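Only one structure is covered here, and it is reproduced in the block below.
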Amino acid sequence: MSKKTFFITGGGTGGHIYPAIAVADELIKNPDNDVYYVGNPENLEYSIAQKKGYNFLPVKVTGMPRKLSFNFIIWGFQLLIAIIKSYFYLLKYKPNMIFGTGGYVSAPVLIAANINKKVPYMLHDCDMQPGIVTRKLAKRAKVVSLAFEGAKKFIKNRNCYINGNPLRPEFKMLDKKTARERLGFNFEKPLICVMGGSQGSKSIDRAFVEIIKELSNDYGIQIIFQTGEKNFDGVINRLINIYKDFDKDKNVMVRPYFEDMITVVKASDIVISRAGSLSLSEIFASDVAPILIPYPFAAADHQRKNAKYVQEHNACIYLEDNDADPNSLLKIILDLYNNPEKVEDLKKKSSQLAKPDALKNIMELVDRVSKYND
């Protein structure tokens, strides 16, 4: 078998990074493959790629400013330099194909591939409304993979496939009981996971911290609370004021970030979450009841659209960010606590939205595109 070179690109947020990582992990299993991750060295994708031991090709690029200003001009020069750099990467490494997950980080190398015209590329977009990079560059992609059927109307490409988001194989392999045991939680008591995405969520954190003591002490509910790095100190300071001995409570685990979110989500019965597409895919694959609070300032309002899609399938409890206060959260949680059949119904319906073969189907498309110039 001849050696092949793959460029993987996408970054900035977990929704762009982890699908790219899932594909890179599969490719790297073949010793005949050389895999290079093209990303911003100042973003999360760099540290993840380093831990994985991937070859990393840096491009410094930021998100496009929303208004015309001097910053827009600076951004334009930055993007131009990143495109030139990416073009030289293509000449130097001669990849057989590029797999891009959209977002501003993937733009330079995908634009360079459009200029070069010798390197085929495939796009995967994880949202109900694909981002601007996917929409603009989909036309010349050999294949476009989408997470949602509703995203297809935004894409001008006949080779569109609805695959869902690629998840790491552990989501299929890990059961709830084993996940609980890993974390040291009781399998017989209900467990709530609260997560605001890779960056955390101030509004969710502020509301939930107020009810932790009551949930644990009065109802015996177990809690995993991912605050995000930036919000952690504020949450802990507030929690100490409300519940001085929280760190001695075996029902409560508060962390800024979990490296292993697979175990965290799989261990849970109820997940309170933003509505990023990757988070939703992980929820669907984990047999949990979702309470979705979409981030109201997401680009193109994509989180609200994602969450509404789940709500239309009766597979979540939907709550607007403005309505996420301690009272509303407590009321929703206790309603579920007192109606276990409702929890089971949400688990069943959210699981029906899972696409367990997403990674396998996407890898078949990656293989097809990589043979385009053979």
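A few notes on this one:
- Segment 338-361 - residue that is basic (Lys, Arg) and crowded, with 17+ Cβ neighbours inside 10 Å and, of those, nearest to His124 (Cα to Cα): Lys355
- Failed condition for Phe185, given (1) under 19 Å from Ile291 (Cα atoms); (2) at pLDDT 95 or above: (1)
- Unmet criterion (only one of (1) more than 30 Å from Asn30 (Cβ to Cβ); (2) modelled with pLDDT under 95; (3) assigned to a helix (DSSP H, G or I); (4) of a type outside the set (S, T, N, Q)) for Lys342: (2)
- Test for Leu278: is it in contact with a Cys (Cβ under 8 Å, 6 or more places away or on another chain) and farther than 18 Å from Lys349 by Cβ: yes
- Residue in segment 323-334 that is out of contact with any helix residue (DSSP H, G or I) (no Cβ under 7 Å at 6 or more places or on another chain) and part of a loop (DSSP other than H, G, I, E, B) present: no
- Gly164 being in contact with a strand residue (DSSP E or B) (Cβ under 8 Å, 6 or more places away or on another chain) and buried (at least 18 other Cβ atoms within 10 Å of the Cβ): no
- Scanning segment 281-312 for residues that are touching a residue at least 60 places away in the same chain (Cβ under 8 Å), over 23 Å from Ile132 (Cα atoms) and assigned to a helix (DSSP H, G or I) yields Glu282, Ile283, Phe284.
- Criterion: under 23 Å from Ile212 (Cα atoms) and exposed (fewer than 15 other Cβ atoms within 10 Å of the Cβ) - qualifying residue of Glu320, Glu364: Glu320
- Residue check, Leu334 closer than 14 Å to Gly196 by Cα, at pLDDT 95 or above and not assigned by TED's automatic domain parsing to the domain that holds Pro19: no
- Checking each residue in segment 196-213 for being touching a residue at least 40 places away in the same chain (Cβ under 8 Å) and touching a helix residue (DSSP H, G or I) at 6+ places or on another chain (Cβ under 7 Å) picks out Gly196, Gly197, Ser198, Ser203, Ala207, Phe208, Glu210, Ile211, Ile212.
- Residue within segment 137-149 that is aromatic (Phe, Trp, Tyr), closer than 21 Å to Pro166 by Cβ and buried (at least 24 other Cβ atoms within 10 Å of the Cβ) present: no
- Ile111 meets all of the listed conditions (1) surrounded by 19 or more Cβ atoms within 10 Å (Cβ to Cβ); (2) touching a residue at least 40 places away in the same chain (Cβ under 8 Å); (3) under 23 Å from Ile362 (Cβ atoms); (4) not polar (S, T, N, Q) but one, namely (2).
- In the set Ser216, Ser203, only one residue is hydroxyl-bearing (Ser, Thr, Tyr), out of contact with any Ser or Thr (no Cβ under 9 Å at 6 or more places or on another chain) and farther than 17 Å from Ile270 by Cβ; that residue is Ser203.
- Within segment 22-48, the set of residues being touching a helix residue (DSSP H, G or I) at 6+ places or on another chain (Cβ under 7 Å) and of a type in the set (A, V, I, L, M) comprises Ala22, Val23, Val35, Val38, Leu44, Ile48.
- Among the candidates Asp287, Asp260, Asp301, Asp249, the residue that is over 22 Å from the mean Cα position of the chain (by Cα) and either surrounded by fewer than 20 Cβ atoms within 10 Å (Cβ to Cβ) or among the polar types (S, T, N, Q) (or both) is uniquely Asp249.
- Number of residues in segment 141-190 that are part of a loop (DSSP other than H, G, I, E, B), touching a Pro at 6+ places or on another chain (Cβ under 6 Å) and within 28 Å of Val265 (Cα to Cα) equals 2.
- Failed item in (1) in the same structural domain as Asp247 (by TED's automatic domain parsing); (2) free of Cβ contacts under 8 Å to residues at least 12 places away in the same chain; (3) within 26 Å of Leu353 (Cα to Cα), with Glu188 passing the rest: (3)
- Restricting segment 83-106 to residues that are modelled with pLDDT of 95 or more and among the aliphatic types (A, V, I, L, M), the residue that is surrounded by the fewest Cβ atoms within 10 Å (Cβ to Cβ) is Leu91.
- The set of residues from segment 1-45 being part of a loop (DSSP other than H, G, I, E, B) and within 18 Å of the chain's Cα centre (by Cα) comprises Gly10, Gly11, Gly12, Thr13, Asn40, Asn43.
- Residue in segment 223-235 that is assigned by TED's automatic domain parsing to the domain that holds Asp205 and closer than 19 Å to Pro166 by Cβ present: no
The values are calculated or read from the model by the stated rules, or taken from the named source; none is laboratory data. Computed from a predicted model, the values in this text were never measured in an experiment. All Cβ positions, glycine included, derive from the backbone under ideal geometry; neighbour counts span all protein chains shown.
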